[in-house]
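Can you keep this structure in mind? I'll have questions shortly.
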Amino acid sequence: MDRTLVTGGAGFLGSHLCDFLLRTGTEVLCVDNCFSGSKDNIRHLAARSDFEFIRHDVIHPLFAEVDKVYHLACPASPIHYQHNPIKTVKTNVMGTINMLGLAKRTGARILLASTSEVYGDPEVHPQTEDYWGHVNPIGLRSCYDEGKRVAETLAMDYHRQNRVAVRIARIFNTYGPRMAVKDGRVVSNFIVQALRGEPLTVYGDGSQTRSFCYVSDLIEGLHGLMESGDLTGPVNLGNPSEFTILELAESILKQTKSRSPIVHKPLPQDDPVQRCPDITLAGSRLGWRPRVGLEEGLERTIAYFKEKLNA
Ligand code: NAD
Ligand code: UDP
């Protein structure tokens with residue numbers, strides 16, 4: 001039986017990944033410090049003999065014998081990663097060194113959850129993997145953007161210098177059930193606001209764009225990349241259907257049948273103007289493409305939050 005370590009396994013994506021791996025007959029070791037994730041996300045797995053949870057911070061070394069590592073530990077929402085930016089850098093640098101060191105020692109294959117944020121406020125659209133990005137190194141988002149860029153550098157250096165089998169996934173905005181009510185990212189914010197009858201907070205004029213991927217598609221992409229024969233990457237994973245933030249707000253109001261007004265708040269510093277993945281590489285090398293459209297994905301996510309907020 002394969003034994004797989006999932007760091008950040010109690011988070012939004014990590015918990016869905018744990019579910020997916022267990023369904024494929026893989027034994028899962030889930031490591032998380034529960035900063036932005038929660039044991040609630042993995043409570044349903046606690047009694048299983050093929051699942052183990054360790055509360056651990058990846059900035060400290062970890063010794064475990066595993067065949068594969070999915071390294072997801074890092075807060076992903078701007079409000080969370082900006083809460084303690086020095087800690088975010090430590091998580092990305094020291095945490096990634098520790099996990100690459102573990103992979104080197106055990107011979108495990110390791111997948112790094114990188115991000116579209118490595119492209120910064122992109123001047124190339126849609127973004128292809130060979131674009132080096134347009135990133136502010138000293139801004140409020142830098143702890144995350146530059147942290148992930150160093151994490152990618154480390155992964156490639158461990159790959160070249162120590163022959164560690166590395167996979168780099170550049171994940172674009174992903175949403176779905178198990179996002180925390182107070183996560184702070186746009187999809188969960190708007191749904192929670194719409195369901196509570198509160199104003200939807202559109203930052204700036206709402207003309208900035210994002211491309212939203214439903215969680216089940218993303219997890220299949222991560223797994224496909226991990227299992228691919230020899231594709232180190234980086235590989236973009238995301239849904240290439242692009243929407244303005246105002247369009248997203250209007251879709252959520254319509255689908256929740258909410259009468260909440262839209263209010264405009266100041267645009268955060270360095271907020272990317274446009275973002276859309278070119279997923280040609282994932283399509284040709286992994287045979288992967290997202291299957292869940294925005295309307296269907298929002299429907300499932302709205303149903304989750306309805307239950308959560310009524311509980
Ligand atoms: P999340 O915040 O829900 O999950 C991150 C998890 O990592 C949390 O459970 C958190 O407690 C844990 N964590 C944070 N710092 C840690 C540390 N030092 N030690 C141990 N655990 C730690 O966010 P998510 O959306 O599930 O993101 C997971 C990964 O995917 C992150 O690396 C993120 O950068 C990447 N990613 C996500 C998206 C997205 O849209 N969801 C987009 C791009 C990249
Ligand atoms: N956003 C917004 N209202 C919110 C939260 C976010 O208008 O309540 C905007 C944000 O300014 C950005 C986009 O939605 O342009 C996506 O933000 P998110 O924090 O989800 O992720 P990002 O892609 O910026 O990391």
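Take Arg167 and tell me if it is more than 11 Å from ligand 2 (Cβ to nearest atom), surrounded by 22 or more Cβ atoms within 10 Å (Cβ to Cβ) and within 26 Å of Arg43 (Cα to Cα).
Criteria not met by Arg167.
Under the condition of being assigned to a strand (DSSP E or B) and touching a His at 6+ places or on another chain (Cβ under 8 Å), which residue from the range 103-144 is farthest from Arg170 (Cα to Cα)?
Ile110
Can you pull out every residue in the range 28-40 that is open to solvent by less than 50 Å² (accessible area, probe 1.4 Å) and not in a loop (DSSP other than H, G, I, E, B)?
Answer for the range 28-40, where residues must be open to solvent by less than 50 Å² (accessible area, probe 1.4 Å) and not in a loop (DSSP other than H, G, I, E, B): Val28, Leu29, Cys30, Val31, Asp32.
Could you please give the count of residues in the range 181-215 that are touching a residue at least 60 places away in the same chain (Cβ under 8 Å) and open to solvent by less than 30 Å² (accessible area, probe 1.4 Å)?
Total meeting the criteria: 21.
Search the range 103-159 for residues being among the β-branched types (Val, Ile, Thr) and over 28 Å from Gly229 (Cβ atoms), and hand back the single one that is nearest to ligand 2 (Cβ to nearest atom).
Val135
I've got another one for you. Of the conditions (1) farther than 14 Å from Val235 by Cα; (2) modelled with pLDDT of 95 or more, Gln269 clears all except one; give me its number.
The number of the failed condition is (2).
Among the residues of the range 180-213, which ones are more than 10 Å from ligand 2 (Cβ to nearest atom) and closer than 12 Å to Phe12 by Cα?
Ala180, Val181
Which condition does Arg170 not pass, out of (1) closer than 17 Å to Asp271 by Cα; (2) under 20 Å from the mean Cα position of the chain (by Cα); (3) of a type in the set (D, E, K, R), if it passes all the others?
(1) is the only condition that Arg170 fails.
Show the residue pairs that are 6+ apart or on different chains and have beta-carbon atoms under 7 Å apart, the first residue being within the range 62-74 and away from ligand 2 (no atom under 16 Å from the Cβ), the second being at pLDDT below 95.
Asp67/Asp2; Lys68/Asp2
Looking at the range 41-52, is at least one residue surrounded by 21 or more Cβ atoms within 10 Å (Cβ to Cβ), touching a strand residue (DSSP E or B) at 6+ places or on another chain (Cβ under 8 Å) and touching a residue at least 40 places away in the same chain (Cβ under 8 Å)?
no
Next up: Pick out, from the range 216-299, the strands (runs of 3 or more DSSP E) lying fully within it that include 2 or more residues that are within 15 Å of ligand 2 (Cβ to nearest atom) and open to solvent by less than 30 Å² (accessible area, probe 1.4 Å).
Once the strands (runs of 3 or more DSSP E) in the range 216-299 are filtered for at least 2 residues that are within 15 Å of ligand 2 (Cβ to nearest atom) and open to solvent by less than 30 Å² (accessible area, probe 1.4 Å), what remains is 235-237.
State whether one or more residues within the range 255-269 are more than 22 Å from Lys68 (Cβ to Cβ), in contact (Cβ under 8 Å) with a residue 12 or more places away in the chain and of a type in the set (D, E, K, R).
yes
Moving on to the next point. If you scan the range 122-132, which residues turn out to be open to solvent by 50 Å² or more (accessible area, probe 1.4 Å) and charged (D, E, K, R)?
The answer is Glu123, Asp130.
Please work out if Gly147 is among the small types (Gly, Ala, Ser) and part of a loop (DSSP other than H, G, I, E, B).
Judged against the criteria, Gly147 is not a match.
Now for a separate question. When the residues of the range 111-138 are filtered to those that are over 16 Å from the mean Cα position of the chain (by Cα) and touching a residue at least 40 places away in the same chain (Cβ under 8 Å), which remaining residue is nearest to ligand 1 (Cβ to nearest atom)?
The residue in question is Gln127.
Being under 21 Å from Glu242 (Cα atoms) and open to solvent by 50 Å² or more (accessible area, probe 1.4 Å), is that true of even one residue in the range 133-140?
For the range 133-140, residues under 21 Å from Glu242 (Cα atoms) and open to solvent by 50 Å² or more (accessible area, probe 1.4 Å): present.
One line per residue, one yes/no per condition, for (1) open to solvent by 20 Å² or more (accessible area, probe 1.4 Å); (2) among the polar types (S, T, N, Q):
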| site | (1), (2) |
| --- | --- |
| Val58 | no, no |
| Asp67 | yes, no |
| Tyr70 | no, no |
| Asn92 | no, yes |
| Leu112 | no, no |
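Looking at Thr174, Thr128, which one is over 17 Å from Ala76 (Cβ atoms) and of a type in the set (Ser, Thr, Tyr)?
Just one listed residue meets the conditions, Thr128.
The values are calculated or read from the model by the stated rules, or taken from the named source; none is laboratory data. Because the structure is a prediction, the values reported are computed rather than measured. Note that we place each Cβ from the backbone using ideal geometry, even for glycine, and neighbour counts take in every protein chain shown. These accessible areas exclude ligands, DNA and RNA; they are computed on the full protein's heavy atoms, side chains included. Shrake-Rupley method; radii C 1.70, N 1.55, O 1.52, S 1.80 Å.
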